[in-house]
Every structure is written in C-alpha cells, then in structure tokens.
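Please treat every number below as a calculation from the coordinates, not as lab data. Source: prediction; values computed, not measured. Cβ: placed from backbone, ideal geometry, glycine included. Neighbour counts: every protein chain shown.
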C-alpha cells in the first residue's frame, strides 16, 4: 500500500524535533552536528534570533497579499539585492526550480523582442542540476533526470564539463545563452576555475549572447563571497538564486540587468506566492547578515580551518577519502568507499552530511559554523572513517 506521503524520497530514519545554530536535536535527545544545513538552505543555522524575530514580527502584521498590490517588504529586499550585486531588477520566486523556469523564459523572450526568435537554444553542461521542472531536467539532460519524463523540452545543447572545443563549436546562430553553475553542487562539488568563468564571459561577449549563472546552491555567502562569480571578477546577465536567500523560509529570485530583462513586461510572468511579505521579511534579515563584509570574512576564516583539517583527514584515511573539493563552506569529500556508506556511518557518530554525484559527500554547514564546530565535524568524520577502514 502506498504511503500517504508520495514515496519519492529515500529518507534516513531520523526525526529531528528542534534546531539550535549548527545542531539538530533528535526526538530521543541526541544532538547531531548539521553539516548539511538543509542542503545549503539554513545559511544562518537553525532558529537564528534575527530570522525568528523578522518572521514573528511580520506574521503579526500580514502574511500574503499576492502581486496585485505593492509589497513593501519585497521592494526592500529587491533594493538590497540590487545595491549589492550586478543586477538592476529582481523577480521573486519560491524556489530554485521556479528561478530556473524564469531564467529560461527571460533569455528566450529577450531574443524574441530583439527580432531574433530563432535564438532559443541554451548551452548547458554535464553534471549540472537546475531543479526538477520540465526546463530544469531538460537543461541538465542526464538520463537520471529525464528518464520516463518525455517528451523532453527542446532547446538545450549539452556540453561536457571543461570541453572548451565542444563549447565553442556549440555556439551556433540558434544559441541565445549559456547556463552554468559556478560550483556544481549535485554534480559533486566541482568549482569552475576563475579563468574559465572569465573565459565564458568573454565568449558570451564575443558571440553577443547572454550568460546565465545558477547560484542557487553556491550563492548567498556559501563560497565566502556574497555570490560565487565575484571571485572571478565577472558579472552575469541573469542569475538564479534560492536556498540560502530565505535562510530556511521558501524563497528564490532571478536577478538580471535591465537589458537582459527588457522582454519581461507586464503580463509575461507571475507568481501567486512569490515575494510574499513573510518570505521577503526573512530574506531581508538574511541579507543584513550575509552581505556584511565582516560576516563573510568570518566565513572565510572558518572555511580555511575546515579545509585544512579535511586535508589532514584525507591523508589519515586514504582508503576512505580521495580528495577535498570546493570553495568556502561549500566543500566536498570524494570518497573511495561508497559515499552512501560514509553518510550512513556519519549518522552513527551524530553527524549530518549530504551525498552528491561522483561518489562525493557534501559539507554545506550553516555559515555561522565556528572553528570549534568545524574541528568537531572533522573529529566525527574521523570516527566515521575509522569504522569503515
């Protein structure tokens, strides 16, 4: 008999009833060090006082209006994002998946309005993940994502990761944009080198096409900059954001330049819940913390400590781990043992990690992780590795 919750998830037998900072408390009282943060969502940890206060204050005023009316909280958050980024304008969604749908629509509508409706193709990369909507799975193109869900939305050209010749050859007269994650998350924590991201920006400029960045997982301070592309000193035309922007409250956004967004006029897109007062009040509080240079400096300090300790862990357990990958507090351990086994023994030592492709486990802790908590996480990984050796 089917369960009342559609059985599309393979869930761990854990029942968390409370969260405090970087810790999750199981109903039996065990305290788990959370190095997953809800898959890079709880960027300020669990029950952060500023987010609780923002949510509570707004909940006592008004929850939902719809976008038929002005929403001051939405305007406030949009202004903060525009002031802190390349963007001139922002559309609020509820998730990264919805952000992907709009980014694709925005790029295609741009070329339609420019009198070049044939430029519908978007170049994407193997190992990518852009959500589970029709556009998202078509953009990723992997058999795992698309099998059984045909017919698949056309208009995506898939190029192997780091195949520069294939990328150049893929830019035909029907291509309007390139879509890429500066750091692949689901794909196994694969950072795009800065020089490659600069090269993509140059290629887009040379060919006169749009650069779309998916910073759903790697954005909002995750790599030690507000957004990962800042390390390369480039700017996209369109950017997808979600996960950390709401600190645990469902919220996403698409940021764009005025030029890239020029086709999106009244009536071309909408969302009933997107940018509601509750979500934007929380998102605004998140921005106040994550965009602070002092906060980001602390993220980088802790990330440096964590990475150094992880390198030592790999050296101590070469039969379990192969290498450390990633940037900031978006790190991955490529495993020699099955990554599912590593995640499972992590539960036994009360540690949460997240599996990814290429036999990697992801370490995506709250950005509030302390150096002591980073050391404790590695100690628990060491204990887990010992049980697998």
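For this structure, a couple of remarks:
- Additional length obtainable on full extension of the chain from residue 206 to residue 70, 0.36 nm per residue less Cα span: 45.0 nm
- Residue exposure proxy: 218, 22, 204, ordered by other Cβ atoms within 10 angstrom of their Cβ from fewest to most, comes out as 204, 22, 218.
- Taking every DSSP bridge with both residues inside the chain, close to 65 percent are antiparallel.
- Where a label projected 7 Å from the Cα of residue 301 along Cα→Cβ would reach, residues of the stretch 357-389 with amide N under 13 Å: 369-372
- Between the Cα long axis of helix 277-290 and the first principal axis of the chain there is an angle of about 70°, rounded to the nearest 10.
- Potential lengthening between residue 169 and residue 194 on full extension [0.36 nm per residue; Cα-Cα distance subtracted]: 6.8 nm
- A simple spin-label model places pseudo-atoms 7 Å from Cα toward Cβ; at residue 269 and residue 311 they are separated by 4.1 nm.
- Ordered by the number of other Cβ atoms lying within 10 Å of each residue's own Cβ, fewest first, 347, 9 fall into the sequence 9, 347.
- Where only DSSP H runs of four or more residues are counted, the chain gives -11500 deg cm²/dmol as its mean residue ellipticity at 222 nm, each run worth -39500 (n - 2.57).
- Two-site label geometry, residue 62 and residue 372: point separation in nm, points 7 Å out along Cα→Cβ: 4.4
- Which label in (i) 62, 54, 53; (ii) 122, 66, 50; (iii) 67, 53, 35 gives the computed Cα extents along the principal axes in Å: (i)
- Two-decimal Rg/Rh across the stretch 15-80, once Rg and the Kirkwood Rh are taken from alpha-carbon atoms: 1.11
- Remark: the residue 9-residue 147 segment gains 48.0 nm on full extension, using 0.36 nm per residue and subtracting the alpha carbon distance.
- Against the main long axis of the alpha-carbon atoms of the chain, helix 339-348 sits at an angle near 50°.
- Angle between the chain longest axis and helix 96-113 axis [Cα atoms, degrees, rounded to 10]: 20
- Order of 110, 69, 273 under a 10 Å beta carbon neighbour criterion, fewest first: 69, 273, 110
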